[in-house]
1. Of all residues being aromatic (Phe, Trp, Tyr) and over 16 Å from the mean Cα position of the chain (by Cα) in the stretch 1-43, which is nearest to residue 71 (Cα to Cα)? Just the residue, please.
2. State the number of residues belonging to the stretch 27-69 that are farther than 17 Å from residue 17 by Cβ, modelled with pLDDT under 90 and not aliphatic (A, V, I, L, M).
3. Give 56, 51 a once-over and let me know the one that is surrounded by 11 or more Cβ atoms within 10 Å (Cβ to Cβ), within 28 Å of residue 4 (Cβ to Cβ) and touching a residue at least 12 places away in the same chain (Cβ under 8 Å).
4. Select from the stretch 2-26 the residues that are of a type in the set (Lys, Arg) and part of a helix (DSSP H, G or I) and write down the one among them that is farthest from residue 37 (Cα to Cα).
5. Looking at the stretch 29-47 only, could you name the residues that are outside any helix (DSSP H, G or I) and open to solvent by less than 60 Å² (accessible area, probe 1.4 Å)?
6. Name the residue that is most open to solvent (accessible area, probe 1.4 Å), counting only residues in the stretch 60-83 that are touching a helix residue (DSSP H, G or I) at 6+ places or on another chain (Cβ under 7 Å) and touching a residue at least 12 places away in the same chain (Cβ under 8 Å).
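The values are calculated or read from the model by the stated rules, or taken from the named source; none is laboratory data. On a predicted model such as this, the values are computed, not experimentally measured, just so you know. Virtual Cβ from ideal backbone geometry, glycine too; neighbours counted across all protein chains shown. To get the accessible areas, we keep the full protein, side chains included, count just its heavy atoms, and leave off ligands, DNA and RNA. Shrake-Rupley method; radii C 1.70, N 1.55, O 1.52, S 1.80 Å.
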Amino acid sequence: MKDLTNPFWIKVKGILFLMVGILAAALVILEEPSWKVVVLLAVSIWCFCRFYYFAFYVIEKYVDPGYKFSGLWSFACYLFTNRKKRG
């Protein structure tokens, strides 16, 4: 599959991710409407966002500036191969 390079479609894709995320969160909260669910969902979303930031920005800028990740699978492979080299 070809990489998405058109700025318009990149923005559309981002908006679709946002809409699907909001819809999914709303459905989870409607399924079990409690403060506990709302807080746990918010913490879960925040933690996944921080992990994504860590996987791309922190690793590239502070740990290994020479490595460029192409996705979460690439990050997992990077962690696994570097662990094998160290061990």
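1. Start the filter on the stretch 1-43 by keeping residues that are aromatic (Phe, Trp, Tyr), which leaves 8-9, 17, 35.
From what is left, the residues that are over 16 Å from the mean Cα position of the chain (by Cα) are 8-9, 35.
Working: 8: 21, 9: 19, 35: 33 Å.
Ranking the candidates gives 9 first.
2. Looking only at that region, the number is 11.
3. Numbers: 51 fails: touching a residue at least 12 places away in the same chain (Cβ under 8 Å).
From the options 56, 51, the qualifying one is 56.
4. Here is the first cut: in the stretch 2-26, the ones of a type in the set (Lys, Arg) are 2, 11, 13.
The next check asks that each one be part of a helix (DSSP H, G or I); those that pass are 11, 13.
Values: 11: 30, 13: 28 Å.
Per the stated criteria, the residue is 11.
5. First, pick out the residues of the stretch 29-47 that are outside any helix (DSSP H, G or I): 32-34.
Result: 34, single match.
6. Taking the stretch 60-83 first, the residues touching a helix residue (DSSP H, G or I) at 6+ places or on another chain (Cβ under 7 Å) are 67-69, 72, 75.
Applying the additional criterion that residues be touching a residue at least 12 places away in the same chain (Cβ under 8 Å) yields 69, 72, 75.
On the way: 69: 24, 72: 88, 75: 6 Å².
Among those residues, the one meeting the criterion is 72.
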